[in-house]
Each structure stands twice: as C-alpha cells, then as structure tokens.
Amino acid sequence: MAYLLHGSTAHTSMGWVDLVPRAGGSLYIGGLYALYQTDLIRAAGITHVLSVIDYDSLLQKHFQHLKHYHIRADDDPNENLLMHFESASAYIDEGLRSESIDDEGRKKNGGVFVHCAMGKSRSATLVIAYLMWKFGIGWEEALEQLCEGRPVCDPNVGFKEQLGVWAKMLECSEEQERKSIYEKWKEGRFKGTSWEWEARTRRDHSNDNVKAKI
C-alpha cells in the first residue's frame, strides 16, 4: 500500500510527497518539484528538509521557516554518498524527534522530507541508510520497506554498493573500526562509466550464480 499525500499516478508510482512506512515518525520522500506544492508541504507537517541534489533547491524562496540540510551530489554511481550517511541519519532522526507548535497552538512531532530530483535514487539511498542505522536492518529489507510507500525507489548500482559498506560499518562497535572500513572502501573503490558499472554488475551476478551452484 502506498502512503501518498497527492500527485501519484499509476504509471509512475510516485506522489509529490510519499510517507515512508514504519519509519518511527513522519518521514517523507519525493522529488524536487514537491517543493512547489507549498500547501502539501505544510499539510504534511514538514519541519525539516534534506535535499540531495547538485544544485540549489527552492527552500530559501518558499520555506525559509524550515530547517534545511543540503547535500550536493549527482545521481552517479561514482558519487560518494557514503560519507554523508551518518550525518544525514542523525539529521533525519533529530527532525523526527523535534517538536513544533501547529496553527492551533498544539505540540506536534516534527516531519522530515528527503528529496532529490525525482525521489528515486539519491533520496532513496539516504532514507535506506537511515532505516538501517535506526532499526538495524539490511539495505535490501530497508529498500523493500521504502518501496511500500514509494515503489519507484531504486538506488543506482554504486549507491547500493555503498549501502553494503554501510551495513558493515554499522556492525562495528568502535568508531575506529567503522573509519577503517570506510577508508579501505574509499581507497580501493571502483569508478567507471555507466557501461562499466553495468558490465561489472553482470559479472558479479554471474560469479554469484556459479558459487550458488557449487
């Protein structure tokens, strides 16, 4: 079941602002143009916005009262989003635990909206990283949970690899261990064109299938 506020269509499986199910609060995901829907943003009770996009968003123009965290990143498998997973997760958690006062003077919990351009890859990656961090689940399970609310979500292959590294980091109790895993990945990580990433992915899947038959 998809949790939508508005704008979903059958052929895109996207709404302007989609609720992430079972995220422990009002966590939403969507694309850049949701920020044009000022009434929807207000109706959702959004107090914090996390922008994952490589250019300026509309926040400063339309929503100066909202807290904003901007990560400049392109939807490219070579982009290092992993370096932002911890700070972004902390920001989302802080936003969900915050309190605000509605128009009738009542206290309410904060709402967080995570967006990129289309609400499919970059924003999905950071929401998945948060769900892993918060609830101790794997990235595949977190992706399935996210897709219940927004079926189109699908991080690019490079971001999925980074989520796998994040899973290993979260298993470590010591900060130095987590840093070591990150630095080792950063130093030896694969970079290439989209075609090279696709070829590498096909090769990895082929190797996995061979191992499964042994």
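Where a number appears in this text, it was derived from the coordinates with a stated rule and is not lab data. On a predicted model such as this, the values are computed, not experimentally measured, just so you know. When we count neighbours, we look across all protein chains shown, and the Cβ atoms used for this are built from the backbone with ideal geometry, even at glycine.
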Built amide H within the under 5 Å cut-off of Val49, gap 5+ | Lys67, His68, Tyr69, Phe113
So, with points 7 Å from each Cα along the Cβ direction, the Phe135-Phe190 label distance in nm works out to 2.9
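State to the nearest 20 debye the size of the charge dipole of the range 122-200 about its Cα centre, where the only charges are +1 on K and R beta carbons and -1 on D and E beta carbons. Working shown, then result.
Values: 12 positive and 14 negative charges, 58 e Å.
Charge dipole of the range 122-200: 280 debye, to the nearest 20.
Could you pull out the GluC sites (Glu not before Pro) across the range 73-132 that fall in loop regions by DSSP (anything but H, G, I, E, B) with no more than 14 other Cβ atoms inside 10 Å? Please report the intermediate quantities before stating the final value.
On the way: sites: Glu79, Glu86, Glu94, Glu99, Glu104; in loops: Glu79, Glu104.
Filter output for the range 73-132: Glu104.
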Quickly work out the His68-to-Ser98 label distance, labels modelled 7 Å from Cα along the C-beta direction, and quote it in nm with one decimal.
-> 1.3
How many nm is it between the label spots at Ala90 and Ser180, if each spot is 7 Å from the Cα in line with the beta carbon?
-> 2.2
Lysine pair number, Cα distance threshold 23 Å (strictly under), the range 18-213, separation 8 or more or different chains | 23
The range 18-213: equivalent-ellipsoid semi-axes (sqrt of 5 x gyration tensor eigenvalues, Cα, Å) | 31, 18, 16
Two-site FRET efficiency, Cys147 against Tyr33, from Cβ-Cβ distance with R₀ of 30 Å, rounded to 0.05 | 0.90
Report the one residue of Gln37, Gly188, Leu19 whose Cα lies farthest in the direction of the positive end of the charge dipole of the range 18-213 (charges on C-beta: Lys and Arg +1, Asp and Glu -1; origin at the Cα centre).
-> Gly188
Per the charge dipole of the range 96-172 (beta-carbon charges, Lys/Arg positive, Asp/Glu negative, Cα centre), the residue among Ala129, Trp166, Gly105 reaching farthest to the positive end is Gly105
